[in-house]
Amino acid sequence: MKKSKLSLFLVPALAVMLTACGGGGTATEDTPETETGGETATEQVEQKTIRAGIGLNDSHPQYKGLLKFKELVEERTDGAIEVQTYHSGQLGDDRTMTEGLQLGSQEVTIPSTAPIANFVPEFSVFDFPFLFPSEEVADTVLDGEVGQKFLDMLPDQNLVGLAYWENGFRDLTNSVRPVATAEDFKGLKIRTMENDLHLEAFRALGANPTPMAFTELFAAMQQGTVDGQENPYATIYLQKYHEVQDHVSNTHHIYSPFVFLMSKSFFDGLTEEQQEIVKEAALEAGDYQRELNREANEQYLADLQEEGMTFTEITPEAREEMVELVQPVLDKYAERIGQDIVDEVNNAIEAAQ
Ligand code: TK8
């Protein structure tokens, strides 16, 4: 009988849970006694552990960014904070891992903004199709006042947003037909992230969307449960989607930010100095991750074609037609999220160009 996928990844998750009970969070140990003017003082250094999990695999720039975060934090705290890193959904999917931060079973995860909208609905604005015109404008807006305004909404959910990293511009793949215009979306069973706006936007384009956790996506495409998906080239190539997909189009329909999330309970338990260290490390590792993500993007597209995928260029006219088709969905969500904050984002984008 086929071993169920569930049991395959339950083991590491259980191991982490056991660590959590045993050592995740904090433990105290005496440091060697130190002489201070004839007196000796035993300084208690609380040993803390950050269990950081992501969904992408260990070849993706997101994991390389996480390793950079680990290096910076362990170095700058002289090992007082240890960072354990888990990739490929070993601790679960984005939603489960974010809940893990709220419940204390892990301390860090770095999801796209789309699943975060299930915790803070306002985050859906970052998944408005065709919102950001470029990575540079996205950086300016996300790293500025407006981006901070959204991060300030997270503590009510026992979450702290330390930095924005980059998932990137999302592009469509499928195994039915080349997609050059909105017409070609008709009837395609497209997997979307678990976000209502994504679902409604793909319906407006004529597709037949299914929300699904990232951890189930490869098997769903392999078994034909879905015809296609949408993600940046780096994810498409490094997760080996070319093994189960035939066509890729540069729809560039959404620029997805990642948010470096930390459990608020854990963050509040850090010393002020340690809070500064983890914040700085998340920002510096984020700059490094964005750079890695952009460096090879065009190369990943060439690699996908090398692996036999057909590439279809979306013309400005075809993209314009897609923008028009999804506009009613954006109007509906602007009303739901609040027109003011949507206007603030759009004005910040305008000013950043
Ligand atoms: C990885 C996901 C992925 C996202 C998706 O955990 O779900 O398609 O783009 O990067 O967050």
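The values are calculated or read from the model by the stated rules, or taken from the named source; none is laboratory data. The structure displayed is predicted, hence computed values, not measured ones. Glycine gets a Cβ as well: all are built from the backbone with ideal geometry, and neighbour counts include every protein chain shown. All accessible areas refer to the heavy atoms of the entire protein, side chains included, with ligands and DNA or RNA removed. Shrake-Rupley method; radii C 1.70, N 1.55, O 1.52, S 1.80 Å.
Worth a mention:
- Considering residues of region 180-227 that are within 10 Å of the ligand (Cβ to nearest atom) and polar (S, T, N, Q) only, the residue surrounded by the fewest Cβ atoms within 10 Å (Cβ to Cβ): Thr215
- Residue check, Gly147 out of contact with any Lys or Arg (no Cβ under 6 Å at 6 or more places or on another chain) and within 16 Å of the ligand (Cβ to nearest atom): no
- Hey, Glu230 within 14 Å of the ligand (Cβ to nearest atom), of a type in the set (Asp, Glu) and touching a residue at least 60 places away in the same chain (Cβ under 8 Å) or not: yes
- When Lys240 is tested against the conditions (1) more than 21 Å from Phe169 (Cβ to Cβ); (2) surrounded by fewer than 17 Cβ atoms within 10 Å (Cβ to Cβ), the lone failure is (1).
- Gln299 being out of contact with any helix residue (DSSP H, G or I) (no Cβ under 7 Å at 6 or more places or on another chain), within 26 Å of Asp152 (Cα to Cα) and either open to solvent by 10 Å² or more (accessible area, probe 1.4 Å) or polar (S, T, N, Q) (or both): no
- Some residue of region 233-248 being part of a loop (DSSP other than H, G, I, E, B), free of Cβ contacts under 8 Å to residues at least 60 places away in the same chain and near the ligand (Cβ under 10 Å from one of its atoms): no
- Top-ranked residue in region 63-85 [being of a type outside the set (A, V, I, L, M), outside any loop (DSSP other than H, G, I, E, B) and open to solvent by 40 Å² or more (accessible area, probe 1.4 Å); ranked as nearest to Gln47 (Cα to Cα)]: Glu82
- Set Glu166, Glu230: member being of a type in the set (D, E, K, R), open to solvent by less than 10 Å² (accessible area, probe 1.4 Å) and in contact with a helix residue (DSSP H, G or I) (Cβ under 6 Å, 6 or more places away or on another chain): Glu166
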